[in-house]
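These notes concern the structure reproduced below.
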Ligand SMILES: [Mn+2]
């Protein structure tokens, strides 16, 4: 009977994001959301040290981007350093948010290799790492977020549609992965650690968060008898893509809610026991801060204020990040007492209030987009984006993504210009 190796698998930390959902803690001077992320991460690390586990696998996306402010990097490093102190081997996989996309800028996590942190491995290439743990050896194949520049040259993709580029990438990836699989030691357990979008994944929040930069991997590439466990990152909603568990193909999901799209998702990490040919895993929930959306249509109510207060009273808002969205008619504006609404929301951790005027919703907000004017979809999108100052930075990417969608005959999540630095959001919620 061989000993089992205990692994803690976590992913998508995104430390430093969502500051708009927090406030400054007067005691520390830090945004409370940074403190939340540090708190949940520290609970993962506590578990790893207290159990103790033999190996920690991080599935990628440490920060919102590759150049986080120093104090955010430090907060992250302080937690992972505890693993190094406890002599727990750790693999840090590079996700799409960790890659610097301007040229060959490296990744935010590469510093851990540069500093030669004992026991730390940075997974920024497709490679097999043989790791000696307290309970035996294990091999981990790292498969970081792939961009088309990883596997393809520019001339190869010239003139190809997005779908064709996607297919070509998969064709290139297959033999590379196969080569790693061929040289595996069949006598010790094997984990594939990948930051990727699997075609079977239920997108959850990443759909809104990062966009479809990059391509989709068919699950058949991951269901291999050579793998005892497939540890994934990228999708923020926890899920097992292979319920028959041969092998388990697991997204642990993010450890904290990054935005409101994750409101209803449970957050946590995965604890694994692995021996060659035998694996068990368990999702371990983390006390992530709750998010709460309160939507009220008060436009048909005699007493809109009472309707809004009622809706607030029905929800558990204590210590939650709350957003109140209510609809009223412009004639009802005088009946709204903002002070009283704010008082009712006082126990929330933070809140935003968004009134929507029904009469205003009924007619187009941009005259250029009104009835009787005909615009092609791109012109219409341009007009809309020009009116949105907050989207100005990503406007070129959005237009390009929209054009690609129009050009391709099927939905494709592949971007056309990998060199673009900004994160494009393909799923534009008009009116959001
Ligand atoms: Mn990601």
Using mean Cβ contacts within 10 Å as the protection proxy, how do 132-138, 264-270 order, highest first?
264-270, 132-138
Shape descriptor, segment 278-327: equivalent ellipsoid semi-axes (Cα gyration tensor, sqrt 5λ, whole Å, largest first) stand at 36, 11, 8
Where does each of 40, 28 land when they are ranked from fewest to most other beta-carbon atoms within 10 angstrom?
28, 40
Would you mind telling me the antiparallel percentage of the DSSP bridges in segment 291-407, rounded to 5?
0
For the peptides 91-98, 235-242, what is the packing order when you average, over each peptide's residues, the other Cβ atoms within 10 Å and list the highest mean first?
91-98, 235-242
Relative to the longest principal axis of the chain, what angle (0 to 90°, nearest 10) does the C-alpha long axis of helix 395-407 take?
80
Among rounded, prolate and oblate, which fits segment 291-407 when a ≥ b ≥ c are the square roots of the eigenvalues of its C-alpha gyration tensor, a/c under 1.5 means rounded, and a/b larger than b/c means prolate?
oblate
Rounded to the nearest 10, the angle in degrees between the Cα long axis of helix 70-85 and the longest principal axis of the Cα atoms of the chain comes to 30
Cα-based equivalent ellipsoid, segment 183-309: semi-axes from gyration tensor eigenvalues, Å
39, 16, 11
For the chain, what is the calculated [θ] at 222 nm in deg cm²/dmol (nearest 500), taking -39500 (n - 2.57) for each run of four or more DSSP H residues and dividing by its residue count?
-8000 deg cm²/dmol
If you take every DSSP beta bridge whose two residues both sit in the chain, what share of them, in percent to the nearest 5, is antiparallel?
40
Ordering of 123-129, 140-146 by burial proxy (mean other Cβ atoms within 10 Å per residue, highest first)
140-146, 123-129
Area projected by the alpha carbon convex hull of segment 1-103, averaged over all directions, nm²
8.1
Going by C-beta contacts inside 10 Å, put 42, 220 in order with the fewest on the left.
220, 42
Relative to the longest principal Cα axis of the chain, at what angle does helix 32-50 sit, 0 to 90 degrees, rounded to 10?
30
Computed lengthening from residue 386 to residue 283, 0.36 nm per intervening residue step minus Cα-Cα distance:
32.7 nm
Relative contact order (percent) for the chain, with alpha-carbon contacts under 8 angstrom and 6 or more residues of separation?
16
Tell me, Kirkwood radius of segment 57-133 from alpha-carbon pair distances, in Å?
12.9
The chain: mean projected area of Cα convex hull, nm²
23.8
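Values in this text are rule-based calculations from the coordinates and carry no lab data. Just so it is clear, the structure is predicted and the values come from calculations on it, not from any experiment. Counting neighbours? That spans all protein chains shown, and the Cβs are built from the backbone with ideal geometry, glycine included.
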